[in-house]
Amino acid sequence: MSENYLYYGDNLDILRRYIKDETIDLVYLDPPFNSNANYNVLFAEKNGSQAAAQIKAFEDTWKWDSNAAQAYHEVVESGGKVSQVMQAFRTFLGENDMLAYLSMMAPRLVELHRVMKRTASIYLHCDPTASHYLKLLLDAIFLPVNFRNEITWKRTSAHNDPKKYGSNVDIILYCSKSDKPTWNQLYIPHSQEYITRFRNTDPDGRKWQDDNLTAIGLSGGGYEYDYKGSKSLWRCPIETMKKLDELGKLHFTKNGGIRLKRYLEDTKGVPLQCLWDDIPPINSQAQERLGYPTQKPEALLERIVAASSNEGEFVLDPFCGCGTTIAAAQNLKRNWIGIDITYLATNLIKHRLFNSFGKEVTYKVIGEPVSLSDAKELAKQDKFEFQNWALGFVGARISHVKKGADKGIDGRLYFHDDPKGPTKQIIFSVKGGDTVHVKELHPSRRESLAFEAGMKGGLFDRI
């Protein structure tokens, strides 16, 4: 693989059809889940006869229905550790929406394990409602020995949750495929309290604090010798002591002792720990904010990408949403693969990439209609997704992210034809059928805008 890819479709199907074995260096996924649902709903028994669930953007729920039951049976019948843990889940949980969620996740995690290189890592972003179940799934697929961290991200400031402690964190489960994952140690700045310990200053302005050089009391012994009149059991051999002296890193005390100078500028910082409370959520004024409810800060994804991949390697996000993982990978010079089941997401990603990187980023889009018959089939399957695709085809932004009344305006295209003038816009109304009348358009634009099934004579003509 030598290019970036953006796939539209079910990630399970995409993984099986397009992604080869051991080609991915890093996986990040933030699968949709209804963290605000009442526990009585999530764990309620279901009879499995409901209509198939339509799983779309912003509907972060998975329903126990006939499709979920079929997915469960396929996983169980495949055998192995994953089958065992799923059977245990069913015994403990019963047939409910939580089991549906786990039945959906199991085959996808199996496929992700298949496409990962031996040196690859996976980061599964979730909330505490399901993290413990997902951890067991990961153990069954990646083995417990390859589980590395449960990262806690403080995703919001303190708030009040009735009758419990404030829920202000997310969980990120970090696993590797083997015992030799790609790892680039990251550091965070020292605290101001730590910095104030560097009270001494050299003539050149460098700040330092002194540290012990003797090995007295340490297990393993040391090196006993006299250096410039100071005899002791030292931590380093005399050759190293001389080198430190040449570099000006020895501090000779008034009582004849020798201490090591540790310079502030030589410290890389504090090795990154598994509690991440230094990356704030996206606020309402943030420049990167796209209005996508589950959008994560780019700083969060850049940290993950930087730690567990190198330039030129492949990063995969099978639930890529508004494309934060893709943006982080592109910014850090990684190749990337994004998959999402909605055109709302793929359109957002296209706009985001263009606004952030312009023509510098190149990628292939796979799964979108490329012919009239493809477009007709999409319109037949899901008119809402057809609408989103049609708007993206002409570069328009979607006006509403949910199905429902939109007052006739489906999308908007903003432009400037005068550098000093105001922002202007074209509004779009996507219609279908053999005949489209002007009365179907938004009242405020009937006199100036009339589209008959999109672009007459083109791909949208009378779809």
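No value in this document is a laboratory result; all are computed from the given coordinates. In this text the structure is predicted, and so the values were computed from the model without any measurement. Ideal geometry is used to build each Cβ from the backbone, glycine not excepted, and the neighbour counts take in all protein chains shown.
Tabulated values for the structure
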{"item": "Qualifying trypsin sites (Lys or Arg not before Pro) in segment 138-237, DSSP loop, other Cβ atoms within 10 Å at most 14", "result": "Lys163, Arg197, Arg199, Lys228"}
{"item": "About the Cα centre, charge dipole magnitude for segment 197-275 (Lys/Arg +1, Asp/Glu -1 at Cβ), debye", "result": "220"}
{"item": "Given charges at beta-carbon only (K, R positive; D, E negative), |dipole| of segment 50-175 in Debye", "result": "460"}
{"item": "Amide H within-cut-off set for Val169, under 5 Å, with H built and near neighbours excluded", "result": "Arg155"}
{"item": "Nearest-20 debye value, segment 131-224 charge dipole, Cβ charges on Lys, Arg, Asp, Glu", "result": "500"}
{"item": "Inter-site label distance for Arg197 and Glu77 at 7 Å from Cα along Cβ, in nm", "result": "6.2"}
{"item": "Prolate/oblate/rounded call for segment 94-178, Cα gyration tensor, a/c under 1.5 rounded", "result": "oblate"}
{"item": "Listed residue (Leu264, Tyr194, Leu244) projecting farthest to the positive dipole end of segment 192-266, Cβ model", "result": "Tyr194"}
{"item": "Radius of gyration, Dmax [segment 192-266; alpha carbons; angstrom]", "result": "13.2, 38"}
{"item": "Computed FRET value (nearest 0.05) for Thr23 with Lys268, which takes r as the C-beta separation and R₀ as 56 Å", "result": "0.95"}
{"item": "Full-stretch length increase - Lys164, Asp10 - with 0.36 nm per residue and alpha-carbon distance subtracted", "result": "51.8 nm"}
{"item": "Computed E for Thr91/Glu239 - FRET, C-beta separation, R0 45 angstrom, nearest 0.05", "result": "0.10"}
{"item": "Contour minus Cα-Cα distance for Arg259 and Asp226 (0.36 nm per residue)", "result": "10.5 nm"}
{"item": "Rounded FRET efficiency, nearest 0.05, which uses the C-beta distance separating Thr182 from Lys249 and R0 of 51 Å", "result": "0.95"}
{"item": "Fully extended contour minus Cα-Cα distance, from Ile366 to Ala299, at 0.36 nm per residue", "result": "21.3 nm"}
{"item": "Long pairs among Lys261/Lys296; Lys296/Lys359; Lys242/Lys268; Lys81/Lys180; Lys154/Lys268, criterion Cα-Cα beyond 31 Å", "result": "Lys261/Lys296"}
